[in-house]
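**Q** My questions will all concern the structure given below.
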Amino acid sequence: MARQLNILKNDPWLAPYAPAIEGRHNDAIRKERELLPARTSLVDFANAHKYFGLHRQADGSWVFREWAPNATGITLIGDFSGWKELPQYRLSRVGEGMSGVWEVKMAPDAIRNGQLYKMKVDWAGGSAERIPAYATRVMQDPSTHIFSAQVYEPERAFAWTDEAFVPDTAPLLIYECHIGMAQEREGVGSYSEFRTKVLPRIAADGYNAIQIMAIQEHPYYGSFGYHVSNFFAASSRFGTPEELKALIDDAHARGIAVIMDIVHSHAVKNENEGIGRLDGSCTQYFHADAGRREHPAWDSLCFDYGKNEVLHFLLSNCKYWLEEYHFDGFRFDGVTSMLYYDHGLGKAFSNYGDYYDGGQDADAIVYLTLANKLIHAVKPSAITIAEEMSGMPGLAIPFRDGGIGFDYRMAMGIPDYWIKTLKEKKDEDWHPTSIFWELTNRRADEKTISYVESHDQALVGDKTVIFRLIDAKMYWHMTVGDTDPDVTRGIALHKMIRLVTLATINGGYLNFMGNEFGHPEWIDFPREGNGWSYKYARRQWDLVDRQDLQYRFLNAFDNSMVALVSSVHNFQSKPVRKLWEKDDDQVLAFMRGDLVFVFNFNPSKSFDGYGILAPGGVYSTVLSSDDTAFGGFGNIDTTVEHFTVPDALYEPAGVERLPLYLPARTALVLRKHPAKRGRKPKRKL
């Protein structure tokens, strides 16, 4: 009798869908066996980048290979040939049959470091210049804006110093960032600028991981890196491969893991820059059916994960970034789009049946499963995160238990909840029961990354949380000492929203670059509609550095809450124990370990001697959002110890009353003393 998968044991409601879950599990096993010869592994298989592309051989000669089954002829052209087709650069088919592999071997001096090149590809009925699929360096001409591959052969290999680095994931605190817009000047930032100017800020802020967007080369800067053209090339608009490696090595020296935002959900349609029609066909890497080939919402091309050559390409891509650049893992973009034939568009996903209605892309699920197995085989400490909004059960469960194998999934409902609350509810209608349920409503066997807002909430067409709270008054009333009520409200709620989201994590927490201090305005990359301006494609770090502005208060609070959670080992694994929720008072309290988190969301009522229920003992305040250092009013004396008081009504539950002063729109964190007992009331005579 076959072993029952743990995902089915742990969730009886999945029993009707056991055939589908077991089917996807067995599909991955069968595909792995199909791909691998005897006594080999996925790690051995994922080496396409070491075979294809341009490589210097041991004897000093060059070899170039490309998979192009529809091509009738391929010639390398470039600076070395005057961009003409010369016979010594003409490729020949490798082997017999329909493998589609082409190869050319060249003398040691046939090409030189720094030279630009492309392939001239011929096919029945046409020809065109193409950038090789496995190019590891792609450059754009500043005057013509044309992209070409570049021969890149540094004199010496990069000297890594991070051999002993292992990511700290207890808990995982992620700082999401974009290299190009991380600088203060109007322009495109560089890897080196980020390393010297921004990385020290992140370390000081207490985050233990950065998640870097837009690393894979993309022709249009304004795509935020999501329309990838060259999957093995680090974007050259930010600098050299060595400069990116130096950034990662420096981050590791500071104890910061580096996660790459990897895009395997689709590819740019551009034929001159990308792989859309590399060998003249539309179906080399993508679906033959036109309805499935083009993404209906993203204007991009969808991979055919049923082709072994596509699996070879994408799995090798994962291994390449781990080994060549020492990335610590990946946040996979657009996973929902991969999981379903309809890309999850317009679907409610209101019950389990929606996940197993026959609309799932089994080939894509197999790919994601094998990718997770490979990544953790190459680097056991690697971190994988799925950007997925449908809630597919098992996505972040190990493969052995019946899952797809991600370590975490993005809690994408949380930012949507906060936006909906800010847009549609009066402050008086913020209900602690609703807040707590939203922040803790998750599968017990899957870890999530909670967040208030990522880059998605900061783009043009949307608003950041601070902008929704304060809006245009940010331009006139953020000076220290200005007591504008809208700004005061906004600062108070900005802190509370972040703390309650961080305090309820079961895996990790994410913040987008600058949002920790309430960076004003939106993100708008250069485009025709804004006159190709970089004004909003940057971060104004001077705002948080200035002592006369209130942004520094928000940053100080973010630092303190991150430091507090970081000081508790495995904070994310400690049970969240609800102590108190009362919607008419708008008060919420819960406990994790020896920390008690108390929130008074009431916009107008402060409570004196408000009794929440807590384990008996003595408590000290370790964080108050009302502290003057955080832009508060200083109404809470953090030096006072708080004693629980027995209450006969709650004695059977093993808890006592903990009287507290709770100012309006304030959050407190208290720590229970391990060796002190609560104060008992005097016996009546």
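**Q** Would the range 138-145 turn up any residue that is buried (at least 21 other Cβ atoms within 10 Å of the Cβ), within 24 Å of Leu315 (Cα to Cα), in contact (Cβ under 8 Å) with a residue 12 or more places away in the chain and not basic (Lys, Arg)?
**A** For the range 138-145, residues buried (at least 21 other Cβ atoms within 10 Å of the Cβ), within 24 Å of Leu315 (Cα to Cα), in contact (Cβ under 8 Å) with a residue 12 or more places away in the chain and not basic (Lys, Arg): present.
**Q** Is it the case that the range 577-586 has a residue that's in contact with a strand residue (DSSP E or B) (Cβ under 8 Å, 6 or more places away or on another chain), buried (at least 23 other Cβ atoms within 10 Å of the Cβ) and touching a residue at least 12 places away in the same chain (Cβ under 8 Å)?
**A** Looking through the range 577-586, at least one residue is in contact with a strand residue (DSSP E or B) (Cβ under 8 Å, 6 or more places away or on another chain), buried (at least 23 other Cβ atoms within 10 Å of the Cβ) and touching a residue at least 12 places away in the same chain (Cβ under 8 Å).
**Q** Could you list all residues from the range 152-171 that are surrounded by 13 or more Cβ atoms within 10 Å (Cβ to Cβ) and either closer than 16 Å to Met513 by Cα or hydroxyl-bearing (Ser, Thr, Tyr) (or both)?
**A** Listed by number, the residues that qualify are Tyr152, Thr169.
**Q** For the range 356-365, give me each residue that is assigned to a helix (DSSP H, G or I) and surrounded by fewer than 22 Cβ atoms within 10 Å (Cβ to Cβ). Even if it seems obvious, please write down each step before you answer.
**A** Taking the range 356-365 first, the residues assigned to a helix (DSSP H, G or I) are 362-365.
Of everything in the range 356-365, those that are assigned to a helix (DSSP H, G or I) and surrounded by fewer than 22 Cβ atoms within 10 Å (Cβ to Cβ) turn out to be Ala362, Asp363.
**Q** Evaluate the range 544-567: report whether one residue or more is open to solvent by 50 Å² or more (accessible area, probe 1.4 Å), closer than 26 Å to Val622 by Cα, of a type in the set (A, V, I, L, M, F, W, C) and touching a residue at least 40 places away in the same chain (Cβ under 8 Å).
**A** yes
**Q** Going by what's in this entry, would Gly403 be described as touching a His at 6+ places or on another chain (Cβ under 9 Å), within 16 Å of Ile7 (Cα to Cα) and of a type outside the set (Asp, Glu)?
**A** yes
**Q** Output yes when any residue across the range 123-137 is at pLDDT below 95, in a loop (DSSP other than H, G, I, E, B) and surrounded by fewer than 19 Cβ atoms within 10 Å (Cβ to Cβ), and no when none is.
**A** Checking the range 123-137: at least one residue is at pLDDT below 95, in a loop (DSSP other than H, G, I, E, B) and surrounded by fewer than 19 Cβ atoms within 10 Å (Cβ to Cβ).
**Q** Could you grab the pairs with beta carbons closer than 7 Å, sequence gap of 6+ or different chains, first residue in the range 223-243 and closer than 15 Å to Ala267 by Cβ, second one of a type in the set (Lys, Arg) and open to solvent by 10 Å² or more (accessible area, probe 1.4 Å)?
**A** The qualifying pairs are Ala233/Arg137.
**Q** While we're looking at this one, here's another question. Looking only at the range 84-106, count every residue that is among the aliphatic types (A, V, I, L, M), modelled with pLDDT of 95 or more and open to solvent by less than 50 Å² (accessible area, probe 1.4 Å) and tell me the total.
**A** 4
**Q** Out of Ile497, Ile466, which single residue is closer than 14 Å to Ile419 by Cα, in contact with a His (Cβ under 6 Å, 6 or more places away or on another chain) and touching a residue at least 12 places away in the same chain (Cβ under 8 Å)?
**A** Ile466
**Q** Additional query: For the range 9-31, name all the residues that are crowded, with 18+ Cβ neighbours inside 10 Å, within 13 Å of Phe399 (Cα to Cα) and not small (Gly, Ala, Ser).
**A** Ile21, Arg24, His25
**Q** Give me the pairs: first residue in the range 631-653 and within 22 Å of Gly616 (Cβ to Cβ) and surrounded by fewer than 15 Cβ atoms within 10 Å (Cβ to Cβ), second residue of a type in the set (Val, Ile, Thr) and at pLDDT 95 or above, beta-carbon distance under 7 Å, and six or more apart or on different chains, which are they?
**A** Listed by first residue and then by second, the contacts come to Thr638/Thr621; Glu641/Val618.
**Q** Give just the number: which of (1) open to solvent by 10 Å² or more (accessible area, probe 1.4 Å); (2) closer than 20 Å to Ile174 by Cα does Ala386 not satisfy?
**A** Here Ala386 meets the rest and fails (1).
**Q** Only one of Asp471, Asp486 is modelled with pLDDT of 95 or more, open to solvent by 10 Å² or more (accessible area, probe 1.4 Å) and not in a loop (DSSP other than H, G, I, E, B); which?
**A** Working: Asp471 fails: modelled with pLDDT of 95 or more.
Every option except Asp486 fails the conditions.
**Q** Among the residues of the range 621-659, which ones are over 28 Å from Asn555 (Cα atoms) and of a type in the set (Gly, Ala, Ser)?
**A** Answer for the range 621-659, where residues must be over 28 Å from Asn555 (Cα atoms) and of a type in the set (Gly, Ala, Ser): Ala648, Ala653, Gly654.
**Q** Oh, and also: Filter the range 346-355 down to residues that are open to solvent by 40 Å² or more (accessible area, probe 1.4 Å) and touching a residue at least 12 places away in the same chain (Cβ under 8 Å) and give me whichever is nearest to the chain's Cα centre (by Cα). Write out each step before concluding.
**A** Step one: of the range 346-355, the residues open to solvent by 40 Å² or more (accessible area, probe 1.4 Å) are 346-348, 350-352.
In the following step, the residues that additionally are touching a residue at least 12 places away in the same chain (Cβ under 8 Å) were identified as 347, 352.
On the way: Lys347: 23, Tyr352: 26 Å.
Residue satisfying both the conditions and the ranking: Lys347.
**Q** Filter the range 406-455 for residues that are farther than 21 Å from Thr488 by Cβ, open to solvent by less than 50 Å² (accessible area, probe 1.4 Å) and hydroxyl-bearing (Ser, Thr, Tyr) and give the result.
**A** Result: Tyr408, Tyr417, Ser434, Thr440, Thr448, Ser450, Tyr451, Ser454.
**Q** If we keep just the residues of the range 307-339 that are within 25 Å of Pro296 (Cβ to Cβ) and aromatic (Phe, Trp, Tyr), which is surrounded by the fewest Cβ atoms within 10 Å (Cβ to Cβ)?
**A** Phe313
The values are calculated or read from the model by the stated rules, or taken from the named source; none is laboratory data. Everything numeric in this text was worked out from a predicted model, so none of it was measured. FYI the Cβ positions are ideal-geometry reconstructions off the backbone, even for glycines, and counts take in every protein chain you see. For accessibility, only protein heavy atoms count, side chains too; no ligands or nucleic acids. Shrake-Rupley method; radii C 1.70, N 1.55, O 1.52, S 1.80 Å.
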